[in-house]
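Read the structure below first, then the notes.
The values are calculated or read from the model by the stated rules, or taken from the named source; none is laboratory data. Just so we're clear, the structure is a prediction, and the values are computed from it rather than from any experiment. Every residue, glycine as well, gets a Cβ built from its backbone with ideal geometry; the counts of neighbours run over all protein chains shown. Only protein heavy atoms, including side chains, enter the accessible area calculation; ligands, DNA and RNA are left aside. Shrake-Rupley method; radii C 1.70, N 1.55, O 1.52, S 1.80 Å.
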Amino acid sequence: MNSNPKEIELEELKKVDGGTSISSTQEIVADHYCPTCKKTTKFVVFSGARGRCKVCGTMQYDL
C-alpha cells in the first residue's frame, strides 16, 4: 500500500492499456459525408477525429 494517496499502485497501472488491444494493422471504417464526392462514403478513421475518404482520399478533421 502506498503512503501517498495520489500515487497509483502498480497493479492498478497494469489495468490501463491505452488502446493496446487494437492492432496497428486493423483498419476502422465509418460512413461519413465527403464534401469532394458530395455523398456519403466510407472513411478510414484515425485518432483525433480524423478520417480519409476511401474513394477520393480527402482528409476530414471533424468526424
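The listed residues are Gly57, Gly19, and the only one of them that is open to solvent by less than 70 Å² (accessible area, probe 1.4 Å), modelled with pLDDT of 85 or more and in a loop (DSSP other than H, G, I, E, B) turns out to be Gly57. Cβ-Cβ distances below 6 Å connect the following pairs, each with a first residue in the stretch 41-54 that is farther than 8 Å from Ala30 by Cα and open to solvent by 70 Å² or more (accessible area, probe 1.4 Å), a second residue that is of a type outside the set (A, V, I, L, M) and part of a strand (DSSP E or B), and a separation of six or more residues or different chains: Lys54/Lys42.
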